[in-house]
Amino acid sequence: ETGAGINTGLGSSQPLPSDDEEKATMFELDSYLELLYDDLQAKIRGTGLILQLARNPDNLNELASNESMLSAVSRVFRDDWKKSIDLSTNIVYVFFCLSTFSQFHFIIAHYKVGSLCMQVVEHEIKRYDSLSEEVEKKKKRVKMDPDNVEIKKDAERSRKKLLTLVKKQETLLRVAFYLLLNIAEDTRVELKMRNKSLIPMLIKMLERNNEELLILVISFLKKLSIFAENKDDMEKLGIIKKLLRIVPSKNETLMNVTLRLLLNLSFDPGLRDLMVKEGYLPKYIALLSTYVCVTSVNSPTDIPLL
């Protein structure tokens, strides 16, 4: 199994069906595959049912040996991923479930799922940037003409559209990056990802606010940062400045993984100097003071000799 020790909340982001929803069974797999040859809504339903099956580890061996299912799902992914974020999320999630076990990584490679995931991420980043830019432009129009009701309504519609997009993107991005992290245990695969601009994509995610996504992205950056060329790319993309807003964080897991990444980066003298310049030192001291206070309260009065 791979990707151990990273809590990203993926288990709760795609809830299992409630009593009044359709429950998937392995006996009906062929009928779910038939849905993948129907219209878009049927494909979303079919992949959603296959995802239910994939989320049960007991089904993974059977699913992994079903070439018809793998071919059909990967074909729909290739052909239709731009048509629906829900469809993309279902399919990436199915392959993510397989990616959690190293023995299934050859399947991910065979169907070029990693490459498709990177295309999806790149596309979603562009969508977000485009809509964010539109929202900012409409905010300026409101400031220029504050009494115009129609302009205000239009700006509000765009704002709500952006919020909806962000919410939908978060699950897709988390599961896509987690899949990529799992298959990156092979350094050759990791190098291919780097050459396809993985690091700029990860750095871009540091602008997001979803803590589960941030934990995953920073964990991935920490893994990549042990290589000098990756660390240099991160420096050029302004990682020190981008991480500043996360330190400190009330989320203990997020704080922990961010400090570990900063520790890796601090071995570079230039990045160390940049940390001091950006004001990390007082933050580190404050964190140490908090830690000392907590441990002194919780520790026994008689400290044993080591």
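The values are calculated or read from the model by the stated rules, or taken from the named source; none is laboratory data. Keep in mind it's a predicted model, so treat the numbers as computed, not measured. Note that we place each Cβ from the backbone using ideal geometry, even for glycine, and neighbour counts take in every protein chain shown. Note: areas computed on protein heavy atoms with side chains; ligands, DNA, RNA excluded. Shrake-Rupley method; radii C 1.70, N 1.55, O 1.52, S 1.80 Å.
Counting only protein heavy atoms and a 1.4 Å probe, tell me what percentage of the chain's accessible area is made up of carbon and sulfur.
Ligands and nucleic acids excluded, carbon and sulfur reach 54 percent.
Name the residue, out of Leu281, Leu216, Leu165, whose mean-square fluctuation peaks in a Gaussian network model built on the chain with Cα pairs under 10 Å.
Looking only at Leu281, Leu216, Leu165, the largest GNM fluctuation is found for Leu281.
Which entries in Lys161/Lys242; Lys83/Lys126; Lys43/Lys204; Lys82/Lys137 show an alpha-carbon gap greater than 24 Å? Walk me through the intermediate numbers first.
Values: Lys161/Lys242 26 Å; Lys83/Lys126 15 Å; Lys43/Lys204 31 Å; Lys82/Lys137 26 Å.
Those over the limit are Lys161/Lys242; Lys43/Lys204; Lys82/Lys137.
Give me the dipole magnitude in Debye, nearest 20, for the chain about the Cα centre, with unit charges on the beta carbon: positive for Lys and Arg, negative for Asp and Glu.
So the magnitude is around 1480 debye.
Over the chain, what is the relative contact order in percent, taking alpha-carbon pairs closer than 8 angstrom and at least six residues apart?
Working: 259 pairs, mean separation 50.0, N = 306.
This gives 16 percent for the chain.
At what distance in angstrom do the alpha carbon centres of the range 74-135 and the range 141-211 lie from each other?
So the two Cα centres are separated by 14 Å.
Could you compute how fast the range 221-280 diffuses translationally, taking Rh as the Kirkwood radius over C-alpha pairs and applying Stokes-Einstein at 10 °C with viscosity 1.306 mPa s? Give it in µm² per second.
Working: Rh = 11.6 Å.
Value of D from the Cα-based Kirkwood radius: 137 µm²/s.
Taking 25 Å as R0, compute the FRET efficiency from the Cβ-Cβ separation of Leu263 and Asn195 and round it to 0.05.
Working from the Cβ atoms, E equals 0.40.
Suppose a student asked you for the relative contact order of the range 167-287, using Cα pairs under 8 Å spaced at least 6 residues apart; what percent would you report?
Relative contact order comes out at 24 percent.
Which one of Val149, Val247, Val113 has the biggest mean-square fluctuation once the chain is modelled by GNM with Cα springs under 10 Å?
Val149
At a probe size of 1.4 Å, how large is the accessible area of Glu62, to the nearest 10 Å²?
Its heavy atoms expose roughly 110 Å² to the probe.
With a 10 Å cut-off between alpha carbons and a GNM built on the chain, which of Lys143, Lys83, Lys222 moves the most?
Looking only at Lys143, Lys83, Lys222, the largest GNM fluctuation is found for Lys143.
Mind listing which chymotrypsin sites (Phe, Trp or Tyr not before Pro) in the range 171-268 are in a DSSP loop and have 12 or fewer other Cβ atoms within 10 Å? Each step should come with its number before you reach the end.
Working: sites: Phe177, Tyr178, Phe220, Phe227, Phe267; in loops: Phe227, Phe267.
Loop-located and lightly packed - Phe267.
What value, in deg cm²/dmol to 500, does the helix sum -39500 (n - 2.57) over DSSP H runs of n ≥ 4 give at 222 nm once divided by the residues of the chain?
It comes out at -23000 deg cm²/dmol, rounded to the nearest 500.
Find the relative contact order for the range 145-225 and round it to a whole percent, using C-alpha pairs within less than 8 Å whose residues are 6+ positions apart.
27
Taking the full set of protein chains and a 1.4 angstrom probe, give the accessible area of Ile285 in square angstrom, rounded to the nearest 10.
100
Given 4 °C and 1.567 mPa s, compute D for the range 40-86 with the Stokes-Einstein relation, Rh being the Kirkwood radius over Cα pairs; round to the nearest whole µm²/s.
On the way: Rh = 11.3 Å.
D = 115 µm²/s.
Tell me, what is the 1.4 Å probe accessible area of Glu229, in Å² to the nearest 10?
Probe radius 1.4 Å; accessible area of Glu229 about 90 Å².
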